[in-house]
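The values are calculated or read from the model by the stated rules, or taken from the named source; none is laboratory data. All values reported here derive from a predicted model rather than from experimental measurement. Using ideal geometry, Cβ is built from the backbone for each residue, glycine included, and neighbour counts are taken over all protein chains shown. Areas reflect the complete protein model, heavy atoms only, side chains present, ligands, DNA and RNA absent. Shrake-Rupley method; radii C 1.70, N 1.55, O 1.52, S 1.80 Å.
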Amino acid sequence: MAHDHKVLDALDAAKTQWYHFTAVVVAGMGFFTDAYDLFSISLVTKLLGRIYYSDPSSKTPGSLPPNVSAAVNGVAFCGTLAGQLFFGWLGDKMGRKKVYGMTLMLMAICCLASGLSFGPTPKDVMVTLCFFRFWLGVGIGGDYPLSATIMSEYANKRTRGAFIAAVFAMQGFGNLAGGIVAIAVSAAFKSRFDAPAYKDDPAGSTVPQADYVWRIVLMFGAVPALLTYYWRMKMPETARYTALVAKNAKQATSDMARVLDVDLAEERQKPVEELERRREEFGLFSRQFAKRHGLHLLGTTVCWFTLDIAFYSQNLFQKDMYAAVNWLPRADTMNALEEMFRISRAQTLVALCGTIPGYWFTVFFIDIVGRFAIQLGGFFFMTAFMLGLAIPYHHWTTPGHHVGFVVMYALTFFFANFGPNSTTFIVPAEIFPARLRSTCHGISSAAGKCGAIVGSFGFLYAAQSTDPTKTDSGYPPGIGVRNSLFMLTGCNVIGFLFTFLVPESKGKSLEELSGENDEEAAPQQQQTVPTDLSE
C-alpha cells in the first residue's frame, strides 16, 4: 500500500457489521423520500386536472394544459439538477456530514409546503406548487452525491457495491410507498364521499373534498425525512473525507473507532511540509484530471444521461400506457377519486413486480458479477425489449394482447434496475479521488437529470399521435408511441457503447481506483530518486 493511512486499510478490510446496515438505512431513507416525492406527483396529475381545469360543458374530464403539466411534472427535476451540482460541490468543500442534514431539512419543509399550495385562481395554485417542488428538487438533488459518497466511503471493498446498491434500492420502496399512500387516501375519500361518473354528472363527479387528497399524498413525503434527521446528524464524518481531504488522520481514526469494530492503530500526524505539498493536488479543471479521469467522467455522464431519457420517459407515462392497453377504463366512465385510485393501483403493481425485484437483484449480484457486466447487460436487454415493444406495436394494442405488452414493459423496467439505473449511481461514487468524489458524482447525476428532463418533456410531445384528431387536448401531433420507442432504443445503444469507458471497480479499494495511492507514492519516490518520476 502506497498511502500510509492505516484507518483506510482497516475500513477496506473491515468485516460487515451492524453499523454498515444502519448507514444503509439512514442514507437509504433519503432515497426512499426522493422516490416518493418525485413519483407521487404522477399519481395526482390527473386529479389536479379535474379539480382545477374542469370544463363542465366538455365531453372529457378536465386535464392539465400541456405547459402546466410539463411544469408540474418536471420542475422538481430542474431543482434536482441544480441540487446535484451545488450540493455535490459543497459536499467536497464542507464535508459530507455537514451538508447531509441541510438537504433533508429542505426536503421535509418543501414537502409540507407543496401540500399547502393555495391561491385564488388555479394558476396561482399551480405556480405555488411548482415553486415548492423546485426547492424540493434541490434538496433531493443534494441527496444523490452525498448518499452515494457516504456509503462508498464507509463500506469495505468486498461488499461496497451491494451497500451502495441497497441505498439506491430504497427508491423502489419509496415508489411503492407513494402508490400505497395514494391508494389508501383515494379509497378512504371515495368510500366517504361517493360521486357519479363524469359522463353522468360532469360537475358532481369531482367532490370538493378531493382537493385534500392530493395535498395529503404530497405532504406525507415529509414523514420519512423527519424521522431520519436525528440519525443523520449523529453519523460521524466519513474517515476518507477526514483523512484524505481534511487531512486529519487522528480524527478519522477516533471517528471510526466510535462506530465500527475495527482494530485501528494510532495514526501519526504528518509533518507540515508534506501537508503543504499535498495541498497542491490537481483540481477538477486541471490537465491532470482530464488525463486521469476525463474519459471516466465522460463515460459516467453519458451513460446516466441516455439511461434517464429511457427510464423517465417510461416512468412518467405509465398512466398513458395503461390507457393505451386498456388497463384503465375511459376517463369519462369514472369519477375523479376512482380514476386516481386506479392509476395508483396500476403503478403500485408495476413497482412491486418490475421495479423492486430489479433493484435487489443488483444488490445481490453486483459484487459477484461486477458493475461492468450488469450495466452492459442491462442496456442490451432494455434495447431488446424496447424493440420487442416497438416493432409489433400495433399487435400489442389490439384486444387480447395487452398482457404481453405489460409483461414486456415490466421487463424493460426490471433490466433498467438490474442494470444501468443502479450501476450509473454506484460507479461515480467509487472511481474518483476523495476530494472530488462528491462533485463528480453530482456532475454525473446532473447529466442524468438532463436526460430525465429530455425524457419527460420531449416524450410528452413526441408520444402524441401523428393524427391531429387523436392527440391529447392542447398538444400538437407527435411521432406516436411506436416511433418514440424506436428513439428510446437508440438511447440505450449509445449507453451500451459508452459503458466501455468506465473501469470495473469490483473488489478494489477506493484509493486504488482513484489513483490516490499513486499520488502519495509519487512525492515519496521523488525524494529518493529525483530523476525517475515514472510510476
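Miscellaneous remarks
- Between the alpha-carbon centres of region 217-241 and region 43-105 there is a gap of 20 Å.
- Extension gain from M408 to L349, taking 0.36 nm per residue of separation minus the Cα-Cα distance: 19.8 nm
- Simple spin-label estimate for F21 and W360 gives 1.5 nm between the two label positions (7 Å along the Cα-to-Cβ direction from each Cα).
- Exceeding the 30 Å Cα-Cα cut-off - candidates K46/K98; K291/K449; K59/K449: K46/K98; K59/K449
- Whole-number accessible area per residue in Å² for the chain, which is evaluated in the context of all protein chains at 1.4 Å: 39 Å²
- Extended-chain gain in nm, criterion 0.36 nm per residue less alpha-carbon gap, K93 and K508: 146.9 nm
- M334 long-range amide H proximity, modeled H, under 5 Å: Y198, K199
- Whole-number D in µm² s⁻¹ for the chain, Kirkwood Cα-pair radius fed into Stokes-Einstein, 10 °C, 1.306 mPa s: 66 µm²/s
- A viscosity of 1.567 mPa s and a temperature of 4 °C, combined with the Kirkwood radius over C-alpha pairs in the Stokes-Einstein formula, give region 209-264 a diffusion coefficient of 91 µm²/s.
- On Cα atoms only, tilt of 66-94 relative to the major axis of the chain in degrees: 10 degrees
- Split the chain at each of the chymotrypsin sites (Phe, Trp or Tyr not before Pro) in a DSSP loop with at most 13 other beta carbon atoms within 10 Å, and the longest piece is 286-535.
- Radius of gyration over Kirkwood radius for region 1-117, both on Cα atoms: the Rg/Rh ratio is 1.18.
- Heavy-atom surface analysis with a 1.4 Å probe gives region 132-211 a carbon and sulfur content of 65 percent of its accessible area.
- Length gained when the stretch A13-M102 is fully extended (0.36 nm per residue, less Cα-Cα span): 28.9 nm
- Taking 20 °C and 1.002 mPa s as conditions, region 324-398 diffuses translationally at an estimated 139 µm²/s according to Stokes-Einstein applied to its Kirkwood radius (Cα pairs).
- Heavy-atom accessible area for T60, with the other protein chains in place and a 1.4 Å probe, reaches approximately 90 Å².
- Peptides 473-480, 248-255, ordered by how many other C-beta atoms sit within 10 Å of their residues on average, highest first, read 248-255, 473-480.
- Per-residue [θ]222 nm for the chain (sum of -39500 (n - 2.57) over DSSP H runs n ≥ 4, rounded to 500): -23000 deg cm²/dmol
- Placing pseudo-labels 7 Å out from each Cα toward the beta carbon at W231 and K291 gives an inter-label distance of 4.5 nm.
- Computed label-point distance, nm, for sites K59 and T397 using a 7 Å Cα→Cβ extension: 1.9 nm
- Under Karplus coefficients 6.51, -1.76 and 1.60, residue-wise ³J(HN,Hα) of region 302-308 in Hz, glycine/proline x: 5, 4, 5, 4, 5, 4, 5
- In order through region 454-468: 3J(HN,Hα) via Karplus (6.51 cos²θ - 1.76 cosθ + 1.60), integer Hz, x for Gly, Pro: 4, x, 7, 7, x, 7, 4, 7, 4, 6, 5, 4, 6, 8, x
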